[in-house]
Structure formats: structure tokens, C-alpha cells
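The values are calculated or read from the model by the stated rules, or taken from the named source; none is laboratory data. Just so it is clear, the structure is predicted and the values come from calculations on it, not from any experiment. Cβ: placed from backbone, ideal geometry, glycine included. Neighbour counts: every protein chain shown. Calculation scope for accessible area: heavy atoms of the full protein, side chains included, ligands and nucleic acids excluded. Shrake-Rupley method; radii C 1.70, N 1.55, O 1.52, S 1.80 Å.
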Amino acid sequence: MVRRVAVVGAGASGLAAIKCCLDEGLEPTCFERSEDIGGLWRYTDQAEEGRASIYRTVFTNSCKEMMCYSDFPFPDDHPNYMHNTKLQHYLCKYAERFDLLRHVRFKTLVTKIKKRPDFSVTGQWEVVSQRDGKEETAIFDAVMVCSGHHVYPNLPLTDFPGIQKFKGCYFHSREYKEPEEFRGKKVLVIGLGNSGSDIAVELSAVASQVYLSSRSGSWVMSRVWDNGYPWDMLVVTRFRSWLENILPQALSDWLYVRGMNRFFKHENFGLMPLNRTSRKEPVFNDDLPSRIACGMVVIKPNVKEFRETSVLFQDGTVQDDVDVVIFATGYGYSYPFMEDDSIIKSRDNQVTLYKGILPPQLEKPTMAVIGLVLSLGPIIPTADLQSRWAVKVFQGRWMDMRWAKVYFLLMGSSISQQQQADSKQKLGQHLTTLQTDYVTYMDQLASAIGVKPNMLKLLLTDPRLALEIIFGPCTPYQFRLVGPGKWNGARKAILTQWDRTLR
């Protein structure tokens with residue numbers, strides 16, 4: 001019988017995990033190595049070892065109605081896209097509202113998680129933690145890993161010949177905080193992701209010149225969409241997801257490319273992805289196209305070779321007198337506290353998890369990894385629903401446990417099929433089983449635990465609400481309308497979500 005649950009990390013995912021445990025009568029203990037909650041969203045002037053780091057001007061890419069916890073909307077007067085300090089404030093208010101802080105052990109580092117000798121019978125884990133130099137061991141019935149994937153920087157220097165003889169400064173974007181120290185310098189940013197684009201745009205205001213190097217290109221989207229509304233409230237809908245799934249692949253791809261090029265033609269700006277139909281996460285940056293048009297940011301292909309003070313690119317062009325190189329080359333998955341690293345397999349920056357949550361090799365499903373799924377959707381409601389699903393699995397309530405052993409034996413086959421399906425959808429070589437369609441994925445989890453709204457029933461009993469759910473944004477409140485964890489304010493929140501957006 002699962003009772004005591006260890007939660008690793010007190011970021012947005014960890015807070016969701018704590019609350020979901022409390023909602024089901026479990027006893028969570030959260031281990032947080034820093035002195036405060038927030039994880040990725042807690043800004044510090046210096047990058048701290050073992051925790052995510054952001055630059056001072058980070059804003060959200062999802063709007064407030066889409067990215068809130070499903071039973072805790074943002075305040076009406078908050079902007080649609082928020083600075084990191086506002087989101088950190090929201091997380092603190094969430095923790096205060098549901099009394100979560102008393103379950104968090106701050107300044108406590110988890111150093112080891114291993115199976116108990118009788119794991120095949122009990123499913124229990126031994127968690128070793130360290131605080132003030134003192135080590136403590138405790139036994140837990142289940143573990144929820146919420147440590148995120150923006151902690152361990154990917155710095156592939158071996159892919160860049162000559163970097164050792166480069167006389168300028170180079171570092172990973174994790175170390176970047178603000179632009180002033182780069183005033184008047186020539187800066188090369190490597191990596192056309194959200195961080196690389198943000199940093200390039202920000203530096204273009206102070207640097208003498210900024211170059212942005214991309215190996216494979218990327219779609220660039222604006223946060224502000226049709227008629228000035230937030231992009232995700234218009235794009236992430238059940239109707240669009242349904243349409244995407246039923247259309248022929250060729251037509252779906254054509255519509256996708258057409259939609260991505262609606263504001264500017266990517267090819268003209270040197271941004272066109274090599275795989276035009278790839279559904280990999282786009283870049284959200286409202287300013288990058290204009291900075292390119294003004295010559296403040298120059299798009300370059302992949303680096304072929306570094307020299308002492310210059311850079312040779314794949315197209316044969318050479319840029320002289322480069323002062324600084326910033327590698328915005330992403331992060332790797334790593335779980336150094338796992339004694340058996342085969343439990344959460346990470347190979348070539350890929351992690352294999354059933355439903356993006358459960359390690360399939362376990363005899364007992366008592367470990368969950370929360371917050372790793374990649375989709376064109378917000379992480380907070382995803383982590384919230386993942387946590388609700390995981391707790392049900394821990395308790396054996398989501399399926400007939402007589403079939404549990406057979407089910408988990410079949411997990412490997414299911415994951416293999418999912419990988420093949422992902423390959424067919426051309427998700428790209430760096431995307432894994434963790435990449436998925438947001439609405440489809442959320443509905444799968446919601447159906448399993450009985451919280452997916454019944455559209456046919458709603459059309460008959462509450463057509464106004466049904467139409468908003470089908471054609472409007474797939475906001476998190478939809479998963480609090482019915483079933484376990486039902487929130488009485490969900491219907492009103494859905495019907496007033498556009499009012500809060502306009503506020």
C-alpha cells in the first residue's frame with residue numbers, strides 16, 4: 001500500500017506532485033537542494049550547480065490561461081505572457097494556497113535513490129539525502145522525480161574543430177545573465193532555439209554585431225497571433241488537433257508549413273528548417289525577424305571551424321574578429337542520484353518512459369518522472385495531469401490490477417510502437433518518445449483516470465460549454481470538470497477565460 005512518497009525537486013512540477021499526493025491522502029516529502037521553490041523560474045545572479053539557470057529577461061512562451069495549474073488560475077490583472085518574477089510569485093501563491101511548503105525540505109540534496117532488497121514485493125525505495133554535511137536515509141513507497149531537464153548543459157565542443165585555439169571567450173548559454181558586459185563586442189550565438197534567439201535579440205541592442213548560427217533552421221512564431229490574441233489560445237484547440245489527426249499527411253504538412261509562414265517567409269530570412277514538415281518545437285520570438293531585417297542579427301549556417309580570432313562557416317564564409325561565442329546548444333538528461341542508471345535510460349539524449357512518465361523496466365510501478373514530455377503546449381498543466389495519473393498508478397486505481405503484471409510486461413512493446421509512430425511523423429532525430437501532441441496526450445492521461453470531459457454529453461446538457469471546449473483553447477480547467485479532483489470553479493473559468501485574456 002503506497003503511503004509515503006519522495007518528491008525530488010520543488011519546481012513547478014514538484015509542487016504539482018506534492019499537491020496531487022495530498023489530494024489522494026498520501027504523505028509527500030519533497031527534497032529541494034536550493035533555499036526556495038520555483039526551480040527553473042527562480043532567478044539568481046549566478047548559475048548554481050545542480051539547478052536550472054535562466055537569464056534576467058526570460059518571459060513565458062505560453063499565456064497565463066493555458067499554463068496555469070488546472071484549479072488555480074492566474075490573477076485577472078496579470079499579463080498574458082509573464083516575466084519570470086511574476087511566474088515565481090504565482091508558484092509561491094500556489095504553494096501558500098494549498099499549504100505545500102511544510103512538506104518541502106530545503107537545502108537538502110538527494111544523493112542516491114535505490115531499490116530496497118525486497119523491491120519486487122514491496123516496490124519500496126531507499127532515498128539518501130544530505131543536508132549541512134549530514135547524511136540521512138529514509139524508506140519511501142514511491143518516488144516522483146521532478147528535477148527537470150534544464151540542469152546539465154550540452155556543450156558539444158568536439159563538434160567544433162579548432163575551438164581550443166580560439167582566443168576569444170566562449171561558454172554555454174546557462175551562464176548568460178544580462179547583456180551589458182558584451183557592449184561593443186562581436187558575438188556569435190550558436191543554436192537557434194528559444195534561448196539562442198532571445199539572447200541574440202537582447203545582445204543586438206548593445207553588441208557591435210550579433211551572428212546567430214543554426215545547423216538545421218527552425219520555425220519562428222510570434223506570441224501575438226490573429227487579432228492580437230495569444231498564439232496558443234488560437235492554435236492549441238481540440239478542433240485543430242482533431243483536424244490534424246484525420247487529414248492526409250501531405251495536406252496536413254502543407255497546412256502546417258503554410259501556417260508557419262503566415263507572417264513572414266522563413267526561407268527569405270535564412271531560417272527555413274531543413275525538414276520543412278518537422279513538428280519540432282518552434283522558436284517563440286516576436287523580435288527576431290525585425291532584428292534580421294535591420295541587420296542587427298545576421299543568420300549564419302553551422303560552424304565548420306574555429307580559428308584564433310575568426311570563424312569559418314559551412315557555406316565557406318569567414319567572420320573575423322569574433323570576441324565571444326555563446327553555445328545555446330540545449331541540455332542533456334541526467335539523473336546522477338539514481339544508483340541504477342538503467343532504470344531511467346538516457347542514451348543519445350533520449351529517454352524511454354511509458355506515457356513519458358513510467359520507467360518500463362520496474363517490477364512495481366512506483367517511480368514516476370514528471371515534466372519531461374515535450375509538446376506544443378505548456379508544462380505546468382502537463383505536469384499537473386501527469387502527477388494525478390502517476391498517483392493513481394501508485395495506488396493501483398486506474399486499471400484492473402489483476403491485469404497489471406501482463407500490462408507492464410507489454411510496456412516495452414507499446415513503447416517500441418510509439419517510437420516507430422514518432423519516426424513516421426517525422427518528429428526529427430533529436431525528438432523522442434517524450435515528444436507528443438499536447439491535446440492528444442492530455443486526453444490520454446485524462447481518460448485513464450476519468451477526468452476527460454464527455455463531449456457528447458456536454459453537447460446535450462451544456463452546449464455553450466461544449467462548444468467552448470471543442471473550438472476554444474484547450475485550457476487546463478477542462479480536466480477539472482468531472483471525476484476525481486473535480487473543481488467547482490472549472491466551468492466558470494472556461495467561460496470567462498477570454499475576459500481574463502483581454503484584461
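The figures follow:
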read-out	value
Extension gain (nm, one decimal) between D341 and T461, 0.36 nm per residue minus Cα-Cα	38.1 nm
Accessible area of the range 59-163 divided out per residue, in Å², using a probe of 1.4 angstrom	46 Å²
Sulfur and carbon atoms: percent of accessible area, the range 231-386 [1.4 Å]	50 percent
Local electrostatic count at T111 - Lys and Arg +1, Asp and Glu -1, tallied over other residues with Cβ under 12 Å	+1
Shape call, the range 15-80: gyration tensor on alpha carbons, a/c limit 1.5	oblate
Nearest-10 value in Å² for the accessible area of E281, using the 1.4 Å probe	100 Å²
Relative contact order computed over the range 99-162 (Cα-Cα under 8 Å; 6+ residues apart), in percent	22 percent
Three-way shape label, the range 45-85, alpha-carbon gyration tensor, a/c 1.5	prolate
Long-range amide H partners of G332 with built H, under 5 Å	Y152, N154
Size of charge dipole - the range 1-157 - debye, nearest 20, with Cβ of Lys, Arg +1 and Asp, Glu -1, no other charges	300 debye
Antiparallel bridge percentage (DSSP; both residues within the chain; nearest 5)	45 percent
DSSP H segments from the chain that extend 27 Å or more along their own axis, Cα-based, with Kyte-Doolittle mean of 0.0 or above	none
Cα convex hull volume per residue for the chain (Å³)	156 Å³
Stokes-Einstein diffusion coefficient of the range 1-124, Kirkwood radius over Cα pairs, 4 °C, 1.567 mPa s, in µm²/s	82 µm²/s
In Å², nearest 10: area of S195 left accessible to a 1.4 Å probe	40 Å²
Ranked order, S334, S214 - accessible area, probe 1.4 Å, largest first	S334, S214
Percent carbon-and-sulfur accessible area, the range 47-200, ignoring ligands, DNA and RNA, probe 1.4 Å	48 percent
Relative contact order, percent, the range 5-109 [alpha-carbon distance under 8 Å, six or more residues apart]	34 percent
Proximal lysines to K265, defined as alpha-carbon separation beneath 28 angstrom and excluding residues fewer than eight positions away on the same chain	K186, K280, K300, K304, K424, K426
Added length on full extension, which subtracts the Cα-Cα distance from 0.36 nm per residue, E267 to F98	56.0 nm
Cα gyration tensor category, rounded, prolate or oblate, for the range 107-165 with a/c compared to 1.5	prolate
Relative contact order, percent, the range 132-229 [alpha-carbon distance under 8 Å, six or more residues apart]	21 percent
Alpha carbon centroid spacing (whole Å) that separates the range 256-307 from the range 469-489	36 Å
FRET efficiency for E308 and V206, using Cβ-Cβ distance with R0 set to 25 Å, rounded to 0.05	0.50
